[in-house]
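Here is the structure we will look at.
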Number of protein chains: 4
Amino acid sequence: MKTVANPSQRLRLGFVGGGLESSIGATHRYAAQLDGHFELVAGVFARDPARNRAAAQAYGVAPERVYPDFQRMAVAEAARADGVQAVAIMAPNAVHVPASLAFLDQGIDVICDKPLASSLAEAQQLLERARKGPALHLLTHNYSGYPLVREARELIARGAIGEVRLVQVEHASAFGTHPLEQQGVKALAWRTDPAQAGASSVLADVGVHAHQLLRFVTGQEVSEVSAELSTLVPGRQSDDNAHVKLRLQNGARGMLWASFVAAGHRHGLQLRVFGSTGSLYWHQEEPDRLELRHQDQPHQILRRGEAWLSESARLSTRIKAGQPEGLLEAFANIYSEAAERIMARREHRAPGAQSLLCPTAEDGVRGMRFIDACVRSDAADGRWTQA
Amino acid sequence: MKTVANPSQRLRLGFVGGGLESSIGATHRYAAQLDGHFELVAGVFARDPARNRAAAQAYGVAPERVYPDFQRMAVAEAARADGVQAVAIMAPNAVHVPASLAFLDQGIDVICDKPLASSLAEAQQLLERARKGPALHLLTHNYSGYPLVREARELIARGAIGEVRLVQVEHASAFGTHPLEQQGVKALAWRTDPAQAGASSVLADVGVHAHQLLRFVTGQEVSEVSAELSTLVPGRQSDDNAHVKLRLQNGARGMLWASFVAAGHRHGLQLRVFGSTGSLYWHQEEPDRLELRHQDQPHQILRRGEAWLSESARLSTRIKAGQPEGLLEAFANIYSEAAERIMARREHRAPGAQSLLCPTAEDGVRGMRFIDACVRSDAADGRWTQA
Amino acid sequence: MKTVANPSQRLRLGFVGGGLESSIGATHRYAAQLDGHFELVAGVFARDPARNRAAAQAYGVAPERVYPDFQRMAVAEAARADGVQAVAIMAPNAVHVPASLAFLDQGIDVICDKPLASSLAEAQQLLERARKGPALHLLTHNYSGYPLVREARELIARGAIGEVRLVQVEHASAFGTHPLEQQGVKALAWRTDPAQAGASSVLADVGVHAHQLLRFVTGQEVSEVSAELSTLVPGRQSDDNAHVKLRLQNGARGMLWASFVAAGHRHGLQLRVFGSTGSLYWHQEEPDRLELRHQDQPHQILRRGEAWLSESARLSTRIKAGQPEGLLEAFANIYSEAAERIMARREHRAPGAQSLLCPTAEDGVRGMRFIDACVRSDAADGRWTQA
Amino acid sequence: MKTVANPSQRLRLGFVGGGLESSIGATHRYAAQLDGHFELVAGVFARDPARNRAAAQAYGVAPERVYPDFQRMAVAEAARADGVQAVAIMAPNAVHVPASLAFLDQGIDVICDKPLASSLAEAQQLLERARKGPALHLLTHNYSGYPLVREARELIARGAIGEVRLVQVEHASAFGTHPLEQQGVKALAWRTDPAQAGASSVLADVGVHAHQLLRFVTGQEVSEVSAELSTLVPGRQSDDNAHVKLRLQNGARGMLWASFVAAGHRHGLQLRVFGSTGSLYWHQEEPDRLELRHQDQPHQILRRGEAWLSESARLSTRIKAGQPEGLLEAFANIYSEAAERIMARREHRAPGAQSLLCPTAEDGVRGMRFIDACVRSDAADGRWTQA
């Protein structure tokens, strides 16, 4: 089980994005805070100077370490003896790559929110740079951090459901059910603006989560897609729903559904994987429960914290079975593994095996490739298209 | 609420199929028995004479009313003063149309299991004949019989979830997980033999149930499909999985998943419909529960038997809320509505409104058209194809 | 699996009670109808002659076999060559014993609804008579008929949860939440009239179901109780809630909760049994699901119809796993087992082992003894009292 | 919604207990860490000097602020300019009162784990002292911190289920299923040693949680009990199961079940409250879900984070509906409310209304009074006894 880290070993962290009105920023702060591996000491939190300063003050960041843009922040922090050791990027998608490059170039490790980039080409460019090191580029695909998502991965790897044949994955949220962008709701306005959101808004925002969950758990890549991107809310500028048929590397088949308009859903992320002898079911809204449904035996319900779970699941949890954990804990696992990766690099040692579960730019490129293929298939009347 | 019918008003029923080893035959007998509207008095239960006689004896059918084939049965029963008033057909798919025609031609009402036919052309031919009357052709799409499926239909019709935008429907069963047809298991052998099962085994067997459920509840037709039919079990002769993207008449989008190989599932029929203000969720394995998930209000759980349900739901049930009902009750609703349709025709009166919910050959043709479109889309690399 | 019986072997059945307005009567008719072992041919359905005749007509019972009272019915039917072979009693509680005695004295087998009697003394008198035979006295404790209740019994008998230590059982219904008896609702009026309902209305009506379920599944008797009977709805004449602490024969402890006023519940019958190595959970509103919760292994979900269930569970079902069954099926199991017991007695052979699961007057006396002990404990300030 | 506090405003916190092997200590550290209101700077973590030092080192506590006992810690910290502003006590039960007194006497605010004391007399003595102030005495009844527990409290207060009539509450855990204390498992050894655990081990450990949950949500006090305390595991020195019938202040009735031996349970805390028009159901293992079950309307499912919840529920959460929260978040709510209470006292202002939800020594005395009454009722053959 995990525990709160020794505060004397905290890494100095900077933020790009995450102002006071940013919901994802608040979540990143919690995720970085929970295990105590990081201390927020610098940042560019908002474009507007007043809002930038207000956030810094609320977060306890010294005024001299609040920057007007990420370029100046990267240079200035790299120059300080007590400069940030890592930066977390949670600005809009189009900022992800340029900001990442700026910090990588200064040797500062990057913890970037998904999607990696706003286009496949940009993502590939970043990956190429990241591979050169020495700084790391890590990606907060937070749902990979759930203990039972890790258990599912382990179960499949050791054959608990046989050969994977079918995957049904969905991240069908509901926050775009009403055209609130037309009433000035910001969070929806930038998401439904193709200029800011990229070629497929719904895939960039939620689809890549589903895609990453599928990859993480099955260990398979999506090889071909047959996709439809739709706009189901009248007057919307971007897509808001994607239905994608999948062919996986090993010949398995699947479906991925990503949506903003699954009215009545609260979050809507779930995964089902069917193999030759059984299946797994996990739903993010009840994350401490994993169904292992044998074809030829009684179904089993696995719960986080139980003695028979894999080491990977056990290393991802903080409290006993029957005491619920949630998203912040899962997200904190990603941050803590990022901390271990960063620490290990600085200490010139191999990182702990568990920390290798933290997604990276490689995963991010896979996600962008998936989006790209879906956009092409949609344009080609739904024909099968390589991913 | 329904009640057991007066036995003096039972209709005389014949069977085509439904021998002692037939699981669907046993279910039809229960469905016809429960409300007491029918009495089984004649039949051709099996091709093998000994098995035919054995079934008749077990069912209490007089030896002189056991026939070697449906042709002779139709003629002979039509000639008797106490001949069957209706026939239930549950023989293999290829028998559905010829047997239906034989009885229709003798003026005997037909209650036929799904799928209506083994090809679209054959189905259309039957529909043409059925339209001429006077005998009726009814189809036992039994899942339409559940009280809460009817409630869902009513709720959508009266706008409880707004305009329908998305439908996710699946009938993902698991009985073909292992290649038991290669070990001589009959029920799987004929289902996976394309000669007997038609162009898509998985769609004919379970896909049409999902398709009908979608149509029945939403009141929408599928207008276009982008489909993939797959064979996921090595060595299998037929398909065993279908993934279908849907476009509905009103512009809504959807996905239909039909499978024999969803390992670990027990039956796997469920429906989700998303509208502009909320959604509905129903799962056949907990049939007395319907989730009405408002986008802007607390979610509601509706249960069969509750005072606030529609008349249609109330007319479809027999016991109080909190006392569970199941498949036999749903199936019996179809049989009882068939009885009312048949009775009304004989009495030259309009049938009760509720009995119009019983599916007919029209619905069967829709199902066959759907299969046909999926097969064509699959052959066309997944391109969108009119249904 | 069960199947519809051969109609030529139907037993001739009479009813005492079960008029057109009787909800339990309608349920008995369905339970007797489903498997086809009985034919309703005589009865006294209501005290009012017109309502008595109306019911007979609706049920297809010949006018000459409708009787003004059970005494005349017993004598007249016993005198007919085609007289009833069994009688089902579903009149108010106070009628159970006198009617039972009248038919037993004529050698007619009795299928009686619960509770057995309106007092312990009366119940014991009946048991004494029933033991002399030759006619049988069977009790429709219908919840004993569920396949997974039988599976639970088998699992405990073979040690699947170790030694039983704790039982938490409840039948907490809600139909008395509002004082509808004060507004003339009949079903509630007689239930809350101590003269008709006996010493504890709530225990006679629902408490004995919980008590029987506990006994049936654990194989243990309640040896001592510490009870409180309460009236929670102002102005009510009877009790409407009972909280009972239990000590079982083997030293286990437990709690039984019976209620009319568990507002918002739909039916509210559930059982949990905890042993030295695991526990079982069953809830009547999802009857096809049984949780087997090992202490030292993953929890299991057992579903009706699965291959690994006991023979007893398999003999209690009609359709496949994943196709839901409900109360009528469970109740029909009791009726079918009664049919086998009656048939076996008439054929001078031992009844099939499964039919011995059908409860009898012995069980009924246990229930009355439990009520009696609870009433005494309640009067003694909650002190422990022998049952 | 809550957010991570400004680190510059952290309160200096000391620990009594919470060494490296202490599971509850780890949980307290997380709860104090999450919202960032506290910094751990001093403590006595273990009796053994080496383990005491090891914990301090792991927690980043300076060696000079590690103390051999709470007495010396209280005096020394009170003397420092940078001394602790609050102390969290999570040592064994018998330490709670003496340690609390030591810090209160030095004017240091106390955050104490439950149960408040090891006897009612001791608890009353502490309360008397705490009332004199000026330092505060707060109690970490952590389950009171769940957002939907607060919603339940609000719903009842505003009449959403009418007048409370029935409460069924249980904390039935399973960690004592096996007699592991006989194999040297420490956590069970002290819990089952009456000298350390007090008059009722099971009530002190889990029963008071159920009792507090009931009080917190209903706003009612338990006025009388009829209890049985049992030892269900052979050879155990303490009780391990308690069944308690309840009478509440307002005339409502209830049952409380506390257990160590509910084999197969993972944690087992749940609450059901039934009123005159509906009921509420909450289960700690799915804490983001609250059922509001109207008697005369469809049931509702409320989820944490939804727009229509009370302010109290909204102020207790950090992330959106559909993103799960868990125990650490609930526990952190208690810590953050404690921080507000402490801060307000130091700033001579009224604390925020929400912080008044944090339990205090008054609640602790109620819990001890409940235990005391149960022990007396048990000794009096289950008779009703004033609480």
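A few notes on this one:
- When the GluC sites (Glu not before Pro) in the range B:86-193 are filtered for DSSP coil states and for at most 16 other beta-carbon atoms within 10 Å of their beta-carbon, the remaining sites are B:Glu163.
- The sum of -39500 (n - 2.57) across all DSSP H runs of n ≥ 4, divided by the residue count of chain A, sets its helix-only mean residue ellipticity at 222 nm to -10500 deg cm²/dmol.
- DSSP bridge analysis restricted to chain B gives an antiparallel fraction near 60%, rounded to the nearest 5.
- Rough spin-label spacing in nm, given labels placed 7 Å along Cα→Cβ, for C:Glu286 and C:Arg376: 4.1 nm
- Shape of the protein assembly as shown, Cα gyration tensor, a/c cut at 1.5: oblate
- Whole-number percent relative contact order across chain C, with pairs defined as alpha carbons under 8 Å at least 6 apart: 20 percent
- Counting only other chain Cβ atoms within 10 Å of each residue's Cβ, the peptide B:197-206 averages 0.
- Each peptide among B:252-263, A:284-295 gets the average number of other Cβ atoms lying within 10 Å of its residues, and from highest to lowest they stand as B:252-263, A:284-295.
- The GluC sites (Glu not before Pro) of the range A:1-92 that meet both conditions, a loop assignment by DSSP and at most 14 other Cβ atoms within 10 Å of the site Cβ, are A:Glu21.
- For peptides B:339-350, C:324-335, sequence by mean Cβ density within 10 Å, most packed first: C:324-335, B:339-350
- Annotation: amide H of B:Arg289 within the under-5 Å range of B:Arg304, sequence separation 5 or more or interchain, hydrogens built in the peptide plane.
- Within the range C:121-206, trypsin sites (Lys or Arg not before Pro) in DSSP loop having at most 16 other beta-carbon neighbours inside 10 Å: C:Arg158
- The range C:317-387 and the range C:188-252: distance between their alpha carbon centers, rounded to Å: 16 Å
- Reducing the range A:7-80 and the range D:113-176 to their Cα centroids gives an inter-centroid distance of 38 Å.
- Here the range D:7-139 is treated with +1 on each Lys and Arg Cβ and -1 on each Asp and Glu Cβ, and its dipole about the Cα centre works out to around 60 debye.
- Average other protein chain Cβ within 10 Å of Cβ, residues C:309-321: 2
- Dipole magnitude for the range A:1-48: computed about the Cα centre from +1 point charges on Lys and Arg Cβ and -1 point charges on Asp and Glu Cβ, it is near 140 debye.
- Nitroxide proxy distance, nm - points 7 Å out along Cα→Cβ at D:Ser223 and D:Val75: 4.9 nm
- Average Cα contact separation per residue, the range D:1-110, under 8 Å, 6 or more apart, as relative contact order %: 29 percent
- Under Karplus coefficients 6.51, -1.76 and 1.60, residue-wise ³J(HN,Hα) of the range B:113-129 in Hz, glycine/proline x: 6, 8, x, 4, 8, 9, 8, 5, 4, 4, 5, 5, 4, 5, 4, 4, 5
- Peptide-level mean, for D:296-305, of C-beta atoms on other protein chains within 10 Å: 6
- Quotient of Cα Rg and 2.2 N^0.38 Å for the range A:82-129, N being how many residues it contains: 1.08
- In order through the range A:228-233: 3J(HN,Hα) via Karplus (6.51 cos²θ - 1.76 cosθ + 1.60), integer Hz, x for Gly, Pro: 10, 9, 10, 10, 9, 9
- Pairs beyond 27 Å (Cα-Cα), from A:Lys2/A:Lys186; D:Lys132/D:Lys186; C:Lys245/C:Lys320; B:Lys2/C:Lys186; B:Lys2/B:Lys186; B:Lys2/C:Lys320: A:Lys2/A:Lys186; D:Lys132/D:Lys186; C:Lys245/C:Lys320; B:Lys2/B:Lys186
- Karplus-derived 3J(HN,Hα) values for the range B:20-28, using 6.51 cos²θ - 1.76 cosθ + 1.60 with θ = phi - 60°, are 4, 8, 8, 5, 5, x, 4, 5, 4 Hz; glycine and proline are entered as x.
Coordinate-derived values only; no laboratory data. None of the values given here were measured: they were computed from a predicted structure. Cβ sites come from the backbone with ideal geometry, for glycine too, and all protein chains shown count toward neighbours.
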